[in-house]
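Undergrad: Before I ask anything, let me first share the structure, which is written out below as C-alpha cells.
The values are calculated or read from the model by the stated rules, or taken from the named source; none is laboratory data. Because the structure is predicted, anything quoted here is derived from the model rather than measured. Note that we place each Cβ from the backbone using ideal geometry, even for glycine, and neighbour counts take in every protein chain shown.
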Amino acid sequence: MEISGEVVTELAEALDERVRKLARIARHNVDYGLSLTSATVLARLNEAGPQRVTDLAALDLVAQPTMTAIAGRLEARGLVERKRDAADKRVVTVALTPAGREKFMELRSRRTDFLAGHMTGLGADELTRLRAALPVLDQILESATA
C-alpha cells in the first residue's frame, strides 16, 4: 500500500502537536526542582556521557557562556563535575556525578509517575495499541538522530 506525502505530512503534524502538548503538560505538572534547561543537561549527560560545554550549548540552543553558568550551578549542587581536557586546556567537559545520576533518575521517575497516573484510565485495548506504537516511534527517533 502506497502512502501519499500528504498523509505523511498530516500524521507528522498530528504527532508533533501531541508530543509538544505532552511535553508542555509534563513540564508544568512535574516539580523538577531545577530549571528545565538544567534537567535537560542532566538527561543529555545520562544518555550520552560526558560532553563538552560547547556541545551542550549547541544542543540546547543557548550561548556557551549561558551553558557555562548552568554547568557551574549544577556543579555547585554536586550534580556534575567539570574537567579541563588534558590535550586542550581550552576544552571543558561536563559529566554526571553519582548524585547527578540519582537526581536524573528521580526526575525520570516523577515524569513516569505523572504519565502513568494519566494512563490508568485507559483500557487494555488502548494500552495494547500504545505499546504497539512504541517501535514505530523508536524508528522515527532513530531516523531523526542518525
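Residues are listed down the side, and each one gets a yes or a no for (1) in contact with a Gly (Cβ under 8 Å, 6 or more places away or on another chain); (2) modelled with pLDDT under 95; (3) surrounded by fewer than 12 Cβ atoms within 10 Å (Cβ to Cβ); (4) not aliphatic (A, V, I, L, M):
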| residue | (1), (2), (3), (4) |
| --- | --- |
| Arg73 | no, no, no, yes |
| Arg77 | no, no, no, yes |
| Ala87 | no, yes, yes, no |
| Val94 | no, no, no, no |
| Thr97 | yes, no, no, yes |
| Phe104 | no, no, no, yes |
| Leu122 | no, no, no, no |
| Asp125 | no, no, yes, yes |
| Ala132 | no, no, yes, no |
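Residue by residue, here is whether (1) touching a His at 6+ places or on another chain (Cβ under 6 Å); (2) farther than 22 Å from Thr112 by Cβ; (3) surrounded by 13 or more Cβ atoms within 10 Å (Cβ to Cβ) holds:
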residue: Val7; (1), (2), (3): no, yes, no
residue: Leu11; (1), (2), (3): no, yes, no
residue: Arg18; (1), (2), (3): no, no, no
residue: Ala23; (1), (2), (3): no, no, no
residue: Arg27; (1), (2), (3): no, no, no
residue: Leu36; (1), (2), (3): no, no, no
residue: Thr40; (1), (2), (3): no, no, yes
residue: Arg44; (1), (2), (3): no, no, yes
residue: Glu47; (1), (2), (3): no, no, no
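Undergrad: While we're here: Does Asp138 satisfy being among the acidic types (Asp, Glu) and exposed (fewer than 11 other Cβ atoms within 10 Å of the Cβ)? Spell out how you get there, then give the answer.
TA: Details: among the acidic types (Asp, Glu): yes; exposed (fewer than 11 other Cβ atoms within 10 Å of the Cβ): yes.
It is true that Asp138 is among the acidic types (Asp, Glu) and exposed (fewer than 11 other Cβ atoms within 10 Å of the Cβ).
Undergrad: Also: Does any residue in the stretch 20-47 that is closer than 17 Å to Val62 by Cα come within less than 6 Å, Cβ to Cβ, of a residue that is not hydrophobic (A, V, I, L, M, F, W, C) and not in a helix (DSSP H, G or I) six or more places away or on a different chain, and which pairs are these?
TA: Sorted first by the residue in the stretch 20-47, then by its partner, the pairs are Ala39/Tyr32.
Undergrad: Still on this structure: State whether the residues of the stretch 15-36 include one that is in a helix (DSSP H, G or I) and of a type in the set (S, T, N, Q). Walk me through it before giving the result.
TA: Looking only at the stretch 15-36, we keep the residues that are in a helix (DSSP H, G or I), and these are 15-29, 36.
Of the ones still in play, those that are also of a type in the set (S, T, N, Q) are 29.
Yes, the stretch 15-36 contains a residue that is in a helix (DSSP H, G or I) and of a type in the set (S, T, N, Q).
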